[in-house]
Every structure is written in structure tokens, then in C-alpha cells.
Amino acid sequence: MKRFDQPILVTRPYLPDLESFKKGCEEIWANQWLTNNGPVHRRFHSALAARLGVPETNLALFSNGTLALEIGFQALGLAGGEVITTPFTFVATSHALRRIGALPVFADVDPETLCLSPAAAEKLITPRTKAIVPVHVYGNACDVEGFRRLGEKYGVKIVYDAAHAFGTDLHRHGDMSMFSLHPTKLFHSCEGGLLVFRDAALQQQLFDLRNFAIHSELECVDVGTNAKMNELQALMGLECLKKIDDLLDWRRRVHAAYAEAFADCPSVTCLDKSLNCAYCPVLLKDFETRERVYEGLKACNVFARRYFYPLLTDFAPYVYARGTCPVAEDAARRVLTLPTYYGLAPETVREIARCVKEIAE
Ligand code: T4K
């Protein structure tokens, strides 16, 4: 017997006011300019700089977060080196490293935040290490001070995968941060990626690399790719940005409703470190309970997700590191991310929590 008439998915994208979006489309139609750094793209770029409080010279937009990471890694010269990173993430983090010819070396995570542990990372630093790539998983802050010290002590780059972290101030740390603007994120541009970086001198190189590394009509300066954001993506981003504070507020309320519902339930641990409430992860007692809750919720018409299971080191390209990160392995086997999105009603959240408790206990 389904508890919900309609399927409740782990997330739903915010969709802006259609009339306002259509107005933006009219401008694009009139311009006949669809991609390649068009006027809407330039406006989105400026609006993001203002929102993030960084100069316009210190950010760059891309067609998606994965290509943003690849190009960022390429521009920082990480090819051919070892890069210490976390296995408790989406595959894109490591894929981007491998695709530019860097070798991911996996270190374990902190049990409180599930973000890469600086102490674990430090043990794996060798003369071949070129960078550390921690992930602010779920919008939880990494130990940014710890990584700053490692960066200075060993002369390695610190590049944050901040795919989940829009709406926080975490882009103020490290050499570079990447926000994903995919529709499963709290703020999106249909597809999109954003790099924020400390050294403004990188910007031209990043712009070149996302446009085949064509620097001018007569110069192609490197092996670039096509990672340009188009005008419709930029328009979607601009429209969603108008609503960003409400989107963040709503997620905070959903997060608080889950926390309250699970407060009296020792068998469900709410992970409550997120700065932007991008996800609502809980830890169950053990693997069997997690699987039971995951399947049991589906029977109720609730489609939670096991982000991030399997662990990256159980996937074919990364099995060389299987078994090296016990804290991350344990979390991957017990974690479940519950539905959260703009518009999810508090009473629905309470009912989902009731289902979880009934199945878990
Ligand atoms: N680094 C990290 C740490 C990341 O988490 C990600 C992406 C990246 C890097 C790379 O950034 P991008 O290149 O994606 O910008 C999703 C997303 O595809 C992926 O962006 C995201 N992380 C990852 C955590 O989740 P799936 O395979 O779970 O997506 P899917 O299609 O199953 O969608 C999840 C739920 O969202 C479904 O229940 C349906 C709902 N949904 C989805 C879409 C796309 C909608 O309601 N509407 C939609 O348009 O990977």
C-alpha cells in the first residue's frame, strides 16, 4: 500500500516563472545569438560575481560541472601528477582527474563531515603529488584551515569540488572551487558549472580552454574542448538566481523538519553539518537496515537515493584503491539521502520521516 499518491523523488528542480523566462527568450530570439559568450551569458557572469562577492576576473562559466573541473585541473597543470582526493563523492570528481591524465590517490574522510580528512591526506603526499581535491560533500564544509596548511607546507594546489556548496561562502578557500549548476542542485542553469579561482591570471586560459583553446582567429594555443555555456542555460541561471534566498530558506526548513522528526530516534542519525542544506542525508544502523529502508521507502512511493554508494573505490576504474578508506566505506554502506527540494511540504517531510522510522526500528 503506497503512503503517497504521487512519487516523491529525492529532488525536483526549481522552475522559474514561465512568463519571465519567455521574456528572456524573446531577447535571445531578437539577438539571434545562442552561445559563444553571448549577452545573457555575460549578464549571468556579472550577476554571479556580485552574488558571490568576487571580482568578475575570478570566475568562469562552463556547460557543466564535470567539464569545469576538467578544465580547471588542466589549467592548474595537474596532468601527469598524483592528486589526493576522496572516494566519498560522485564519480565526476575522479573522472575529471583521470580524463586529464592525473592519478587519483584516495584518502579517508572525517567521520563527522564525511569530507576528506587533511590528516589522512597528508600521509599520502609524495614528491609526485600536485594537488589535493577535497569535496564539500552535501554542502558540509571541509577542514579548510587544515588544507590551507597542507597547501603551504607542501606547495600543492588545493582545488575544492564545491558541486554541492552553492549558497555558502566556501569558494573563499583554496586555489579554485567548482560549483555544479545541474538541476539536481539547489541552484541550477539546466546544466552548468562555475569555477571561482584565486589567481585572476588564470581566467583567459580557462576561457580559451572552454572554447577549443582558440585564442584568436589565428591562434589555437592548447588542446581545449567545447565547454561553453549557451544563452538558454544562462537565462535559466539568471531566472533561478532571482529566487536563490527563498530556495535556501526552504531547504533549511526541510532540514529542520527532518532533524526534529528524528530527534527521538536513536536508530536514525541525521547528518546536520550542511551549510546550505543541499541534501538531507541520514545514517542508519547498518547496511541491512539501510537497504531495508531504501526498498521500504520505494514501496511507500518515496525514492530516496544512496548518495554515495557504491564508494568510488568499488567502481571498475578505481578498484586499485579498494579497501583503503574504512570510514568512507562504512558511511557508504549506511547512508541514505532523503527527499529535499523547494516546495516539498513540511507535512510530507514528517510523513517520510515516519516511514523511515517505522522501517528502521
Ligand atoms: N562533483 C560532485 C560532488 C557531484 O555531485 C557532481 C554531480 C559533479 C561533481 C558533477 O557536476 P555536473 O557535471 O553534474 O554539473 C545526479 C546528477 O546528474 C549529478 O549532477 C550529481 N552530481 C549527482 C549527485 O546526482 P543521478 O544519476 O543521481 O541523477 P538522476 O537523473 O537519477 O536524478 C536524480 C533525481 O532528480 C531523480 O529522482 C529525478 C530528479 N530530477 C533529475 C533531473 C535531471 C528531476 O526531477 N528533474 C531533472 O531534470 O546524478
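The values are calculated or read from the model by the stated rules, or taken from the named source; none is laboratory data. Remember, it's a predicted structure, so these values are computed and weren't measured experimentally. Neighbour counts run over all protein chains shown; Cβ positions are idealised from the backbone, glycine included. To get the accessible areas, we keep the full protein, side chains included, count just its heavy atoms, and leave off ligands, DNA and RNA. Shrake-Rupley method; radii C 1.70, N 1.55, O 1.52, S 1.80 Å.
Scanning region 153-163 for residues that are touching an Asp or Glu at 6+ places or on another chain (Cβ under 8 Å) and in contact (Cβ under 8 Å) with a residue 40 or more places away in the chain, which turns out surrounded by the most Cβ atoms within 10 Å (Cβ to Cβ)? Within region 153-163, the match that is surrounded by the most Cβ atoms within 10 Å (Cβ to Cβ) is VAL159. Put simply, of ALA49, ALA68, ALA60 the only residue that is out of contact with any His (no Cβ under 6 Å at 6 or more places or on another chain), at pLDDT 95 or above, away from the ligand (no atom under 16 Å from the Cβ) and not acidic (Asp, Glu) is ALA49. Just a yes or no: is a residue in region 136-152 open to solvent by 10 Å² or more (accessible area, probe 1.4 Å), under 21 Å from ASP272 (Cβ atoms) and either of a type in the set (S, T, N, Q) or within 11 Å of the ligand (Cβ to nearest atom) (or both)? No, there is no match, as no residue in region 136-152 is open to solvent by 10 Å² or more (accessible area, probe 1.4 Å), under 21 Å from ASP272 (Cβ atoms) and either of a type in the set (S, T, N, Q) or within 11 Å of the ligand (Cβ to nearest atom) (or both).
Kindly indicate the residue of region 112-135 that is out of contact with any Ser or Thr (no Cβ under 8 Å at 6 or more places or on another chain), open to solvent by less than 40 Å² (accessible area, probe 1.4 Å) and among the hydrophobic types (A, V, I, L, M, F, W, C) and also nearest to the ligand (Cβ to nearest atom) among those meeting that condition. Walk me through it before giving the result.
First, the residues of region 112-135 that are out of contact with any Ser or Thr (no Cβ under 8 Å at 6 or more places or on another chain): 112-114, 117-131.
Then keep just the ones that are open to solvent by less than 40 Å² (accessible area, probe 1.4 Å); that gives 113-114, 117-118, 120-121, 125, 129, 131.
Then drop every residue that is not among the hydrophobic types (A, V, I, L, M, F, W, C), which leaves 114, 120-121, 125, 131.
On the way: LEU114: 12, ALA120: 18, ALA121: 17, ILE125: 22, ALA131: 15 Å.
Checked region 112-135; the qualifying residue nearest to the ligand (Cβ to nearest atom) is LEU114.
Cβ-Cβ distances below 7 Å connect the following pairs, each with a first residue in region 201-212 that is open to solvent by 20 Å² or more (accessible area, probe 1.4 Å), a second residue that is among the charged types (D, E, K, R) and modelled with pLDDT of 95 or more, and a separation of six or more residues or different chains: ASN211/LYS228.
Suppose we filter GLY193, GLY155, GLY174 for residues that are touching a helix residue (DSSP H, G or I) at 6+ places or on another chain (Cβ under 6 Å) and either more than 16 Å from the ligand (Cβ to nearest atom) or closer than 30 Å to CYS280 by Cα (or both); which single one remains? Sole residue among the options that is touching a helix residue (DSSP H, G or I) at 6+ places or on another chain (Cβ under 6 Å) and either more than 16 Å from the ligand (Cβ to nearest atom) or closer than 30 Å to CYS280 by Cα (or both): GLY193.
Count of region 174-211 residues, restricted to those that are assigned to a strand (DSSP E or B) and within 27 Å of ASP143 (Cβ to Cβ), is 10. Being within 13 Å of the ligand (Cβ to nearest atom), farther than 22 Å from GLU260 by Cα and touching a strand residue (DSSP E or B) at 6+ places or on another chain (Cβ under 7 Å), is that true of even one residue in region 323-332? No: region 323-332 contains no residue that is within 13 Å of the ligand (Cβ to nearest atom), farther than 22 Å from GLU260 by Cα and touching a strand residue (DSSP E or B) at 6+ places or on another chain (Cβ under 7 Å). Suppose the filter is in contact with a helix residue (DSSP H, G or I) (Cβ under 9 Å, 6 or more places away or on another chain) and surrounded by fewer than 19 Cβ atoms within 10 Å (Cβ to Cβ); does ASN226 pass it? For ASN226, the condition - in contact with a helix residue (DSSP H, G or I) (Cβ under 9 Å, 6 or more places away or on another chain) and surrounded by fewer than 19 Cβ atoms within 10 Å (Cβ to Cβ) - is met. With the structure loaded, tell me whether ASP222 is outside any strand (DSSP E or B) and more than 28 Å from ALA278 (Cβ to Cβ) or whether it fails that test. So ASP222 passes the test.
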